Every structure is written in structure tokens, then in C-alpha cells.
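S.K.: Before I ask anything, here is the structure I am working with.
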Amino acid sequence: MMGVLFLEYLLSKQGILKVAQLVIVLVAFICVRSTWYNSFYAYGFFEAVTLGYSITVAVFLILTVFGVPKRASFVNWKIAEFVLDTLGFIFISTGSIVAAVKTYETPILVAASVCGLLASYLSVVSVILSFVAARHLQPADTPV
């Protein structure tokens, strides 16, 4: 089974951040989905963003665990992860801020907003780590 699964990524900093992002975004989605909210548009956007980002991160994790980045070398996976985290930060932070404004002091909606903002913070940390990793992959003879 060692040849099929590549668990090194899950044990790295990036992998731990991705798993934490996935769990926190799913908790935020469950918090919003389990309550009756007054502002349909704000929380509809938040639901769509959290569900879409969690599916995207899960697919990225599955592809990485099954070793697709090692087999498909024509894709720069560090840049792909950078773009995934950057877009995730933009959408989740926007959805979390809008959701935080429309919470109407409902505790579970406040928890969902806080989880979204925490996931945004983890996305920023992941973007920084992806940028550092992509920067170290440059050839030595190219000027910086």
C-alpha cells in the first residue's frame, strides 16, 4: 500500500494546514446550515463559498495523497496551491465579513463567522508557505 498512498504531504506544514482548513470550513458550513437565518443572501453566499472551498480542498488533498503531483509534472502544484489558497482567502473572508454583519446576535451564526475568519487566517498562512515554497523552486541562474 506504500506505493499507492503518499502521506508525506499530510504530515507536512502545508498538509496540516489544509486538513485544518477543511475541518474549520466544514464546521462553519454546518453551523450555518443547522440554523434558520434571516438574511438569505448573506448566508446563502457563505454556504456556497464554504461548501465550494471545502470540496476543492478535499479534492486537492485526495489528489495529493494519491500522488498525482508526482505523476503529473506538467502542472506546477505549488502555484496551483497558491492560487487555491488565495482565492479561498478572498471568498471566505468576504463571506465571513458579510455573515458577521448579518448575525443578529445569534450565537451559532457568530460561531460560523468566527470559523470563517479563522479559515481565512489559515489560508493566509498557507499562501505565505506556498509562496516561499514556489520561490525556492526557481532555478539558481534566474535573477530575483
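The values are calculated or read from the model by the stated rules, or taken from the named source; none is laboratory data. Because the structure is a prediction, the values reported are computed rather than measured. Here the Cβ positions follow ideal geometry from the backbone for every residue, glycine too, while neighbour counts run over all protein chains shown. These accessible areas exclude ligands, DNA and RNA; they are computed on the full protein's heavy atoms, side chains included. Shrake-Rupley method; radii C 1.70, N 1.55, O 1.52, S 1.80 Å.
S.K.: Accessible area of ILE30, 1.4 Å probe, to the nearest 10 Å²?
M.R.: That residue has around 100 Å² of solvent-accessible surface.
S.K.: Within 10 Å of each candidate Cβ there may be at most 16 other Cβ atoms; applying that plus a DSSP loop requirement, which chymotrypsin sites (Phe, Trp or Tyr not before Pro) in the stretch 49-112 survive?
M.R.: PHE66, PHE74, TYR104
S.K.: Over all Cα pairs of the chain, how is the pair count split among 10 Å bins, expressed in % and running from 0 up to the last occupied bin?
M.R.: Values per bin, smallest distances first: 12, 39, 27, 16, 6, 1.
S.K.: Over the heavy atoms of LYS13, what accessible area does a 1.4 Å probe trace out, to the nearest 10 Å²?
M.R.: Number for this one is 150 Å².
S.K.: Using the 2.2 N^0.38 Å rule of thumb for compact globular proteins, work out how the stretch 1-70 stacks up: its C-alpha Rg over that value, please.
M.R.: So the stretch 1-70 has a normalised radius of gyration of 1.38.
S.K.: If you don't mind, there's one more thing I want to ask. Taking all protein chains as present, what is the carbon and sulfur share of the accessible area of the chain, in % to the nearest whole number, probe 1.4 Å?
M.R.: 76 percent
S.K.: Next question, about the same structure. Counting helices only, and only those DSSP H runs with n ≥ 4, report the 222 nm mean residue ellipticity of the chain as the sum of -39,500 (n - 2.57) divided by its residues, in deg cm²/dmol to the nearest 500.
M.R.: Theoretical 222 nm ellipticity from helices: -26000 deg cm²/dmol.
S.K.: At 0.36 nm per residue, and after removing the present C-alpha to C-alpha distance, how many nm does the segment from ILE108 to ILE90 gain when stretched out fully?
M.R.: Extra length available between ILE108 and ILE90 comes to 4.2 nm.
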